[in-house]
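A short worksheet on the structure shown next.
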Amino acid sequence: MSSKNLERRIVPIFLCLLIGASVNAAEVTWKSANEISQEALERADLKGPGPRDATGYLPEKKYPFTSPLNAEEIGYRLMNFNHVASWAHMLADCYGSVTKEGYLTEGITLGMIDNVGSEGGPEARIYGSPGDVFQRWNYYYTYPPKSEGEQQVWHLRRTGRDEPTKLDFFVYSPSLRRVRRQPPPRRDAQFPNSVQTFDDIVGLEAWEFEWTLIGSDILYSTVRFPSNRPMLTLARAGGRFYEQEASKIRMMGDDYPHYRKDDGIDTFVVTAVPRGDWLPKYRIGRVVYWVDQHYFFPLRIETYDREGELLAIQVRMGERQNPNLPDGHGYTNPHSAYWDVRLDLVTYSAHDSMALAEWTKEEKETLFNPDFMRRRWNRNNAKSQVLIRDPKKFHLRPEILEGRFPTYRSINLSPEVLARVNAQNAAGRLVFAGEKLE
Amino acid sequence: MLFWQLIDEEAHLLGFRFFRQRLTGWHLSFLLLVTFSGEVATASMRDRLAGFDRFLATFDPGGRYLTRPIERLVPGLTLNGTYTFASDALLSSHDNVGFRDRDYRWLQFQSLFELEANYQVNSNIQITGIFHALYDPVYALQGSDGLYAPKENERLRGYEDSKDIARELYVSLRTLKFDLVLGKQQIAWGKMDGRFIDAINPMDGRESVQLESSDYERRRIPLWMANLTYYVGSVSLNFLWIPGFEPDEHATYGSPWYSPLYSPADSVARHNPTLLQGNVTADGYTVDRRSKPNWNDFAEHQLAFRVDVPFGAWTAGLIYFYAWDKNPSDSITGRFTENGVNYLSLERRHRRLHHFGFTADYAGTLSSVPIVGTLPVVLRVEALLSKGVPFADLDEYTAALEGADVDGLRETDTIKGAIAFEFAFPHNTTFIFQPSLYYTKDWKSTLGSGFGGAVGDAWALAPVIFIKRPFRFTRDRLAIGLTLTPYLSQPTRNSQGMKTKVKVSYEFSQYLRGKIVYTNYSGGDGNDLFGGYRRYDNIGIGFIYEF
């Protein structure tokens, strides 16, 4: 081979490699654990877990822990950021799902939340005795018409090795006119026509999982609104409505002080693997969290089956709703979206009209008593206009973030799903099976 | 190549050896065209269905053009409308069954429209009205001789009386400590499927053995009452004062579900207005006097009390109900002779009953269950003891015909109760096992039926099994449920047959649902509870639109 020929071959290859490397460098936002920056390691500790306390399974160090937090301690901090905020409040909980064909269902339920044993935060859940109730919810459904007047009371219980019951679940059905105790939903099973599981709603018990810090990443978007839904009508506490440009809703709200200059958020990425001695038959084999590096608020959660294949992606937006709690503990998620990648089912949840509550002793005794539901008395007058009502204006499927943390993330979408994802990304809105774009 | 091999094999199998030779290029082109256009048509159909699905998902004209505009106009008012269509058709051919002239197929073809209006006067006072319009054309559509009940009871065909149309009307006054609900209303006490301590309101039992728990809401007959609940901590005390009284309604002569065991034959009964009006019994006994509890007399009102207490994983309640038997009983008042045959004169009235009830439920999670791991479970228990229940005693009737001075009734106590185990299996599958027990104290074979007792026996056991599963591949829109209700009794009848119900339901949208229900009656003898309906297997189609 002549040197000229060699040159002809090597130069393009070199140029390609150079261009590829530079493009890659621009796109790579994630780092594996051993590449996490020193500055970030001031907040996260790759070591751990540390010694146990007298229970034999809880960490000896006490919640909320001091920096740097190891992966397990981040897992405990995640217990503060469940789907439902951990302090006493009222809200209009709006939710919906859309199938790949565009079949839309939505609902509104008005919630009243009471914390037992703490003013807010997961301490009662972590340090309570197994079987103790740590939070009580009362939900009154106002939409759709078939659900109007249905009510639920949830008493969330601290679990233990011999106390697997996580929930006392009571339902009032207008068609039965009875308050009935129901079996609690299976923890890892999705609700009917929804991506959400029961554990998505109430969160995980950190001690039931093994936690690993697998790296860091930068997120630039979580919940994505479609281009044809530029404005949302949201409600403040007290029910006053306001218009909000969807594009201006930031991932952690306007007052989050730790945005990057490019508006991204630095995150740690941790995995939680169910411990066989606590959850031997758990359907989920691994959970991967992207949590912001300062408050450990989860912005993205992926679940994988026991074979390691992706099941669902949850993305969330955070907002400080409780200014009384320090250090970011007052954050909760007003908007979240879920995607079941196999069924290609997308679910959203919007917590609207959220208002802090201070329940009187009389209210605590009455409102969260299952028997209260027999009265068919809706005490929460929260309003919401956040229902989507048009499948084409539904939230986009979350980004796939392909190629990041490949050791822990096996993503194999079917060609049909992938085609719909690509069509969605091109159109700026969901594109349904069989739908022809104009 | 493969294609031709297949064709060859096919041709060989069919014995058409000339097949390949005849399969010219034209044929092949035609086949490919058909296959291709078939696929295109299937894809096109699928796309159209998806489009229709999207359209139907948000199609809600009642909400869009009726309830929501009115609610916007009148702050504080909420409206809900429901249209229910229910039809059942017999699967067996037209024939007579027992005394019934069963020249019809349709058991119901019913349309029911319900409008519920709630007006919030202020944060503590609410006014509620629930209105019904019902029409069932089964009596007109089939040209049947066997369906003539509307001659005497028009409400079986359609509601015309304000009592039926203005179904519930009440005012609620609420504070944290107490609730007072005044007006016409229905109360459903208890936690079980089926009626155990749910004894306050009478029931429209026009569907007889076909009546299901899911029908109770629209079949309970509301009563005028004052309903007061007082809360002491987590304990609630509920008191009912019920001046209004209505009896149970049943399938009657000339209605689709009237028992084939009851004489006389329809050919006779339909021409006998005194029988249809209840002035004479099938045996020819006259009902000379009839009475109902009197609204204006406080001593004739009903009173009820309930206390509910949660403790730990248990909730429990006790009830007492000073009630009337909702079914009148006939006492013998005299004897007369006609054409040399002795007959009895009867007085038909309701009797006082004392009901004592108990209800409790418990929830837990079983761990380390094989295959499923953890298994959430709920246990429910409920029982009702009824004191002084009147039963007609055939021995006394016989003695009275011979001149004895007896009233024909025997009072005894009954107990009905159930224990239910509900499990939440994977895939949102619900499984309930609910053995129910019915017992009549001092029962003997000459006793008729009475509130709370077993049918035709001293005691009966109905171990109900229910399983329901939604299907995820339809996004849980399709669900199939199976209910098995065997009825076993002792000491005389053993098995009285079994009722089997298979229900397939589908959610067309969150406003519109449809269902197909197959109901089968099997086993037992012709005079048994379910055995008597062995030729009443039926299939029903229904849908419900809520807006």
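The values are calculated or read from the model by the stated rules, or taken from the named source; none is laboratory data. Values in this document were obtained by computation on a predicted structure and should not be read as measured data. Heads up, the Cβs are rebuilt from the backbone with ideal geometry, glycines too, and the neighbour counts pull from every protein chain shown. The protein model used for the area step is the full one, side chains on, heavy atoms only, and it has no ligands, DNA or RNA in it. Shrake-Rupley method; radii C 1.70, N 1.55, O 1.52, S 1.80 Å.
Which one is farthest from residue A:278 (Cα to Cα), of the residues in the stretch A:165-194 that are of a type in the set (A, V, I, L, M) and more than 7 Å from chain B (Cβ to nearest Cβ)?
Only one residue fits best here, namely A:179.
Return yes when residue B:167 is in a strand (DSSP E or B) and either open to solvent by less than 60 Å² (accessible area, probe 1.4 Å) or over 19 Å from residue B:244 (Cβ atoms) (or both) and no when it is not.
When the stated conditions are applied, residue B:167 passes them.
Of the residues A:36, A:108, which is within 21 Å of the chain's Cα centre (by Cα) and either at pLDDT 95 or above or surrounded by fewer than 21 Cβ atoms within 10 Å (Cβ to Cβ) (or both)?
A:108
Would you mention how many residues in the stretch B:275-319 are of a type outside the set (Gly, Ala, Ser) and open to solvent by less than 70 Å² (accessible area, probe 1.4 Å)?
Of the residues in the stretch B:275-319, 22 are of a type outside the set (Gly, Ala, Ser) and open to solvent by less than 70 Å² (accessible area, probe 1.4 Å).
Restricting to the stretch B:60-75, what's the tally of residues that are more than 11 Å from every other protein chain (Cβ to nearest Cβ) and of a type outside the set (Val, Ile, Thr)?
8
Which of (1) out of contact with any helix residue (DSSP H, G or I) (no Cβ under 9 Å at 6 or more places or on another chain); (2) open to solvent by less than 20 Å² (accessible area, probe 1.4 Å); (3) closer than 25 Å to residue B:247 by Cβ is the odd one out, the single condition residue B:344 does not satisfy?
Of (1) out of contact with any helix residue (DSSP H, G or I) (no Cβ under 9 Å at 6 or more places or on another chain); (2) open to solvent by less than 20 Å² (accessible area, probe 1.4 Å); (3) closer than 25 Å to residue B:247 by Cβ, only one is false for residue B:344: (1).
Give the residue, chosen from B:133, B:89, B:117, that is touching a strand residue (DSSP E or B) at 6+ places or on another chain (Cβ under 7 Å), more than 14 Å from chain A (Cβ to nearest Cβ) and open to solvent by less than 40 Å² (accessible area, probe 1.4 Å).
Step by step, each of B:133, B:89, B:117 is checked, and only B:89 is touching a strand residue (DSSP E or B) at 6+ places or on another chain (Cβ under 7 Å), more than 14 Å from chain A (Cβ to nearest Cβ) and open to solvent by less than 40 Å² (accessible area, probe 1.4 Å).
Could you figure out which of (1) under 17 Å from the mean Cα position of the chain (by Cα); (2) among the hydroxyl-bearing types (Ser, Thr, Tyr); (3) more than 24 Å from residue B:83 (Cα to Cα) isn't true of residue B:446?
(1)
When the stretch B:367-386 is examined, which residues are found to be open to solvent by 10 Å² or more (accessible area, probe 1.4 Å), more than 7 Å from chain A (Cβ to nearest Cβ) and under 30 Å from residue B:453 (Cα atoms)?
Once the filter is applied, which keeps residues that are open to solvent by 10 Å² or more (accessible area, probe 1.4 Å), more than 7 Å from chain A (Cβ to nearest Cβ) and under 30 Å from residue B:453 (Cα atoms), the stretch B:367-386 yields B:379, B:381, B:383, B:385.
Check residue A:387 against each of (1) open to solvent by less than 10 Å² (accessible area, probe 1.4 Å); (2) in contact with a Cys (Cβ under 9 Å, 6 or more places away or on another chain); (3) within 14 Å of chain B (Cβ to nearest Cβ) and name the one condition it does not meet.
(1)
From the residues in the stretch A:338-366 that are under 27 Å from the mean Cα position of the chain (by Cα) and either at the interface with another protein chain (Cβ under 8 Å from one of its Cβ atoms) or modelled with pLDDT under 90 (or both), which one is nearest to residue B:172 (Cα to Cα)?
The selected residue is A:345.
Considering A:374, A:379, A:420, which residue is closer than 30 Å to residue A:176 by Cα and not in a loop (DSSP other than H, G, I, E, B)?
Just one listed residue meets the conditions, A:374.
Out of all the residues in the stretch A:86-105, which are at pLDDT 95 or above, among the small types (Gly, Ala, Ser) and surrounded by 24 or more Cβ atoms within 10 Å (Cβ to Cβ)?
Result: A:92, A:96, A:97.
Kindly indicate which of A:302, A:307 is without any contact (Cβ under 8 Å) to a residue 24 or more places away in the chain and of a type outside the set (Lys, Arg).
Within the list A:302, A:307, the selection yields A:307.
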